[in-house]
Each structure stands twice: as C-alpha cells, then as structure tokens.
Amino acid sequence: MGGAHARPDDPDDQREAVPGGGDGADDAARTGGGLLAGGRRRTRGGGAGRDGGAHGGHAHVGHGHGEQLVLPEAERRRARILLSAIVLPLLLATVAGLFALWPRGETIAGTVAMTAPGVSFETARVTSVDLDADPAVRAVLLTGPGTGAEIPVGVPPEVLAQPIPIGAKIQVIFERSGLDSGAPFIFVDYVRDVPLLWLVAIYVVGVAAVARWRGLAAMVGLAASLGVIGLFVLPALMGGTSPLLVALVGSSAMMFVSVYLAHGISIRTTTALLGTFAGLAVTTLLALWSADATRLIGTGSEDGYHVAGTFPEMSLRALLVCGFVIAGLGALNDVTITQASAVWELHGADPGATRLSVFGRAMRIGRDHIASTVYTLAFAYVGTALPLLLVMAIYDRSLGALLTSGALAEEIVRTLVSSIGLILAIPITTAIAAALVRTSRAGRVGGEPTPVEA
C-alpha cells in the first residue's frame, strides 16, 4: 500500500513525510501522534524513504507553526513526560504567584479626576476654519450644556499647522472661567474612535482570512495577555508590589496563555515555551545588570517624572526593568516557536540523525532569525522615537554624549537587552528540542519499520 496523503483542502493540519515509505508511513501515522493532547494523524507524501531511501523518494521538511508531528508512540510518550515534568512546576509557580501577588481591596485606578470643578470634556463637530479669524475654528457642540450651539474653539498653533477637515469630531475642554473672556472652549484632541474601530476590524478580517482559526486563536491569546496587563500587572504595580516580581509572574502568565491559545497544546509548542522561559530568564538577568551598570534611573522621559510624582514610593529603575522584561516577549515567542518546529520537523524527516546533527541543521535556520533580529527591534525603536531623535540631533553634542543621555540610553539598553535575550533563546530552544528527540533508525521486522533507540 502507498502512504496516506493529506487532504489538499486542509493545509492547516498537514503533516510532514514519515521516513520509510510504503506501509511504514501508514504504520507510523497510526502509532505516532506528536501532540500532548493527541489529535488527527496523517502523513504527506507516502512511499518516501529517508534521504532518498529504498523507494527513491525524499522527506519534506517544514517549520510552520501549525503542523502536527508524527512520532512513534514511545518517543511521543517520553517527550510528553519530560516536558510535563518541567512545565507543570512552572505553571504551578505562575498560578501561585498570581494568587500571592493579585491586588486585593481597593486600588487607586480611576480615582484621580481628570478635570477640576467647573471644567468638563465635551465633543463638538468642526463647521468652519478661517486662519485669518480669531479664533480660527468654529464648531457645533454635540454634548454638554448648550448642545447644538455653534461655538468658537481655541486651537493651538501646532494643531492649526495641519489641515483641520470640516466635519471632523473634536474633543474640547469647557472652562466656565473662560466665559468672561469669550473663549470657554479649548481644543484637546480629535475624536478618532471610528477610524480605530475600522482599523481593528481590518486587522481581524486580515488575520482571519490569512491564518484562519489559528489566527483568531492568536488574537484571543493577545486579548487574554492584555487582560493580564490590565487586571494584574497595572493594579499590582499601583499597589506597591515589586515591579520585578510582577514582571516575572505576569510575563509567565502571558506566555502560557498566548502560546497555548495560538499554537495549541503540543510537544512542539511546549518545547518552544521552555525556550521562551529560558529567554525570559536571560532577559531578566541582563535587564537587572544593565540598568544598574548604566545607572539608569527611569527619568529619561516625561512619563518617568509623572510616575515619580504619582507613585513617590515606587522605584523607577525597578519599573524600567519591568518594562525591559515585558518588551521582548512577543518576538521571543516567535523565534522559539519556529526553532522548536524546525528541530522536530528535521527529526521527523530523518529519525536516524544524531541530536548534534539535528541541532546543527536547526541552527542554520536559527542564524537567519538572528540576522533579522539584529535590526528588527532597533528599527522598531527608531520609528517610534523619530521625533525625539530629530530634536536631539540639532544640539551641539558629540555622538557619544547624545547616545549616552538618559532619554536615548534607556531605549538603547532596552533594545540591546531584548535583542540579546532573543539571540540566546534561539540556541537554547534548539538545544532543548534536540535533547528531547530520540535518535532512532528505521529497522524492518517483517516488512514493517520499527523505531529503534540508538
């Protein structure tokens, strides 16, 4: 009999070829599962021997995030036991940390008023713009006292420098004290909820169209991770809990939720999760050392001063380290998932390869990730900090003094710490996955391939 083939209309669940084609491929598909949670078992491209074996075929190797593995039952059981023995204590420690650090009682979130007595935020729609008039903008009030009336709106020059479209909804602040001067309404910001909702809708539709259910599951994981930030991390920090402990427990919870929701519970994803934990440990140690060695104090931006004024008892350096730890989680998870996939797919394509050989092959893939990581995070920072870089560049300062100033040094350290954590997570994840694979050779007994431990 020829090997079983995956349905072409279901690419999300296709599996890679099993070495030793013919009936052996079907047998391996029946006995292997590859998932901690089981699942359907199929092979693609039957009749393929290992590296051009007896039937002249070849095994295809991929490292997509969603394909399932076909492993002999004994190897699958062994990997599940080893991974469970490591991951379950981490999960229990995370749950215990959440329980111990979870903020209890009242928090100060939402308790500080945005406005003083007699001042309120209102919404208006722009009806006319005349740069020669004073004030230049008039609008129809949509909320608050005097709804429907046309009002003059004071607008800062930097806002007037950009075109203000007629019909745009704006947020204004109403000050009763300004009634005497005839300028009680001051421009605050544009109302941009509808365009943002459209952008989110396009994002959701795009993810669903390209990645389908797996993409939607990833978005659920993202929402859950943001929930951890909003419900645990921020309230715990407000309550005076150690920022480092909050970062470690919160990051661990976000990793469990996002990884397993996006990629499912499997040997592949659990291996990647271990690599992510290793990268998180490296990032944390580097963040602690670098923040102290470079004497960062967390006041490189105005936000730092605002935090110092609002939470005088909080260590700004510890909060900075907390941000360093959380900053690289997304990219860290991406590289570890791909590396774990590469190792298991390479092993599935050639079970006779030694662990060292599998590690070397997977690291060739990993070097591509390292090469892209070198500039990915740096470009992300340069893009967001372009206004700051533009302003700082006009001053007569040496390049060294510019780069070591507080504002830039914080972001340089953040970028380097995250990048180093990512770079080291790649060989660590690859080594963990390679250590878990069981070297085997396809020995034939009565015409059937039998995995044999080396």
All positions within the stretch 286-311 that are in contact (Cβ under 8 Å) with a residue 40 or more places away in the chain and part of a loop (DSSP other than H, G, I, E, B): THR294, LEU296, ILE297, GLY298, THR299, GLY300, SER301, PHE311
Any chance VAL246 is assigned by TED's automatic domain parsing to the domain that holds ILE428, modelled with pLDDT of 90 or more and either in contact with a strand residue (DSSP E or B) (Cβ under 6 Å, 6 or more places away or on another chain) or in a helix (DSSP H, G or I) (or both): yes
Residue match in the stretch 79-98 (condition: touching a residue at least 40 places away in the same chain (Cβ under 8 Å), among the basic types (Lys, Arg) and not assigned by TED's automatic domain parsing to the domain that holds ALA435): yes
Residue in the stretch 339-346 that is in the same structural domain as VAL391 (by TED's automatic domain parsing), without any contact (Cβ under 8 Å) to a residue 60 or more places away in the chain and either of a type outside the set (A, V, I, L, M, F, W, C) or within 24 Å of TYR381 (Cα to Cα) (or both) present: no
Pick from the stretch 180-235, criterion under 19 Å from the mean Cα position of the chain (by Cα) and of a type in the set (Phe, Trp, Tyr), ranking: nearest to ILE151 (Cα to Cα): TYR203
Unique residue being basic (Lys, Arg) and more than 22 Å from GLU122 (Cβ to Cβ) when the list is ARG214, ARG176: ARG214
Which listed residue, of ALA401, ALA435, is assigned by TED's automatic domain parsing to the domain that holds GLY330, free of Cβ contacts under 8 Å to residues at least 12 places away in the same chain, out of contact with any Ser or Thr (no Cβ under 8 Å at 6 or more places or on another chain) and assigned to a helix (DSSP H, G or I): ALA401
Residues of the stretch 234-254 satisfying the condition of being surrounded by fewer than 23 Cβ atoms within 10 Å (Cβ to Cβ) and among the hydrophobic types (A, V, I, L, M, F, W, C): LEU234, ALA236, LEU237, MET238, LEU244, LEU245, LEU248, ALA253
So ARG76, is it modelled with pLDDT of 70 or more, among the basic types (Lys, Arg), loosely packed, with under 14 Cβ neighbours inside 10 Å and on the phi < 0 side of the Ramachandran plot: no
Identity of the residue in the stretch 336-356, surrounded by fewer than 24 Cβ atoms within 10 Å (Cβ to Cβ) and of a type in the set (A, V, I, L, M, F, W, C), that ends up modelled with the highest pLDDT: LEU356
Top-ranked residue of the stretch 351-366 - restricted to ones that are of a type outside the set (A, V, I, L, M, F, W, C) and touching a helix residue (DSSP H, G or I) at 6+ places or on another chain (Cβ under 8 Å), ranked as nearest to ARG76 (Cα to Cα): ARG355
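The values are calculated or read from the model by the stated rules, or taken from the named source; none is laboratory data. Keep in mind it's a predicted model, so treat the numbers as computed, not measured. Using ideal geometry, Cβ is built from the backbone for each residue, glycine included, and neighbour counts are taken over all protein chains shown.
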